[in-house]
1. Just for the range 1-43: of the residues that are of a type in the set (D, E, K, R) and not in a loop (DSSP other than H, G, I, E, B), which one is nearest to Gly88 (Cα to Cα)?
2. Restricting to the range 83-96, count the residues that are within 14 Å of the chain's Cα centre (by Cα) and farther than 17 Å from Gly203 by Cα.
3. Considering the range 186-202 alone, what residues qualify as being more than 24 Å from Glu171 (Cβ to Cβ) and either of a type in the set (Lys, Arg) or open to solvent by less than 10 Å² (accessible area, probe 1.4 Å) (or both)?
4. Among the residues of the range 97-135, which ones are in contact (Cβ under 8 Å) with a residue 24 or more places away in the chain, open to solvent by 20 Å² or more (accessible area, probe 1.4 Å) and under 16 Å from the mean Cα position of the chain (by Cα)?
5. Based on this model, can you work out whether Thr164 counts as modelled with pLDDT of 95 or more, in contact with a Phe, Trp or Tyr (Cβ under 9 Å, 6 or more places away or on another chain) and of a type in the set (Ser, Thr, Tyr)?
6. Can you tell me which residue within the range 86-96, out of those that are open to solvent by 60 Å² or more (accessible area, probe 1.4 Å) and not in a helix (DSSP H, G or I), is farthest from His161 (Cα to Cα)?
7. Which of the residues that make up the range 167-185 are open to solvent by 20 Å² or more (accessible area, probe 1.4 Å) and within 20 Å of Gln36 (Cβ to Cβ)?
Amino acid sequence: MYRTAKLINPHHLVINDEHGQSFFGADQEWYPLLWQRKAGCGPTTASHLVLYTAKKHPHLSIPQVTDKQSMVDLMEAMWLHVTPGIMGTHLVSQFTKGLSGFLAERSIDLAVDSLALSKSRSSRAPLDSVVTFIEKSLNADQPVAFLNLNAGAVQNLDSWHWVTIVGLEQELKDGPYMIDVFDGGKMWKINLALWYETTTRSGGFASLKG
């Protein structure tokens, strides 16, 4: 492996339901209302970032998630801050502002870092900057929220969607960058380089610092 960065404890994001079934992160389909299930990827992903921090720092004033229901409770609380509009949570700034508000309400002294990508290839931050942002966050043991408005040529990634990055790897020096993401209660391996090269819309990334 030429280059790799991963969360230390990705199992912190594993959720168990009342039947003993395990999920790789939460699923927006767990929200009780139809609109929440349709547009809830942003607050669900923000909840992953908070959940991981809560597991790392149990002294913080974040309710601990112990099962599916307590995860839904966190998602509902996050919805009040990362609230999708008619276009969902389609801006990185919308996501970071809401997440910052959730933390401030609970007097949690953590900053939100982000990298927004332009729709225009000519003005978009280079792929190396994207990789550096993800790598830096994962090496700091922080999951990364990833906004993808257009999946381009990537077949296993939904468009207009937020997912949670838990790992990054490049097998060969000139090989593609691959990311491991949690989405819909499952883990997926996504070709980040292919997404970057073929997406036709803006996108971005966010993580917690501290």
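1. Step one: list which residues in the range 1-43 are of a type in the set (D, E, K, R), which gives 3, 6, 17-18, 27, 29, 37-38.
Add one more test, that the residue is not in a loop (DSSP other than H, G, I, E, B), and what stays is 3, 6, 29, 37-38.
Working: Arg3: 34, Lys6: 29, Glu29: 15, Arg37: 11, Lys38: 9 Å.
Here the answer is Lys38.
2. Adding up the residues that qualify gives 0.
3. Of the range 186-202, the ones more than 24 Å from Glu171 (Cβ to Cβ) are 200-202.
Arg201, the sole residue that qualifies.
4. Within the range 97-135, Ala111, Val112, Asp113, Ser114, Leu115, Ala116, Phe133, Glu135 qualify.
5. Values: modelled with pLDDT of 95 or more: yes; in contact with a Phe, Trp or Tyr (Cβ under 9 Å, 6 or more places away or on another chain): yes; of a type in the set (Ser, Thr, Tyr): yes.
In short, yes.
6. Within the range 86-96, the subset open to solvent by 60 Å² or more (accessible area, probe 1.4 Å) is 86-87, 91, 93.
Now restrict to residues that are not in a helix (DSSP H, G or I): 86-87, 91.
Numbers: Ile86: 14, Met87: 11, Leu91: 11 Å.
Among residues in the range 86-96 that are open to solvent by 60 Å² or more (accessible area, probe 1.4 Å) and not in a helix (DSSP H, G or I), the one farthest from His161 (Cα to Cα) is Ile86.
7. Answer for the range 167-185, where residues must be open to solvent by 20 Å² or more (accessible area, probe 1.4 Å) and within 20 Å of Gln36 (Cβ to Cβ): Asp183, Gly184.
Results for (1) out of contact with any helix residue (DSSP H, G or I) (no Cβ under 8 Å at 6 or more places or on another chain); (2) under 21 Å from Val82 (Cα atoms), shown as yes or no for each residue.
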{"site": "Ile8", "(1), (2)": "yes, no"}
{"site": "His11", "(1), (2)": "yes, no"}
{"site": "Asp17", "(1), (2)": "no, no"}
{"site": "Ser22", "(1), (2)": "yes, no"}
{"site": "Leu34", "(1), (2)": "yes, yes"}
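The values are calculated or read from the model by the stated rules, or taken from the named source; none is laboratory data. Because the structure is predicted, anything quoted here is derived from the model rather than measured. In this analysis, Cβ positions are derived from the backbone assuming ideal geometry, glycine residues included, and neighbour counts consider all displayed protein chains. Note: areas computed on protein heavy atoms with side chains; ligands, DNA, RNA excluded. Shrake-Rupley method; radii C 1.70, N 1.55, O 1.52, S 1.80 Å.
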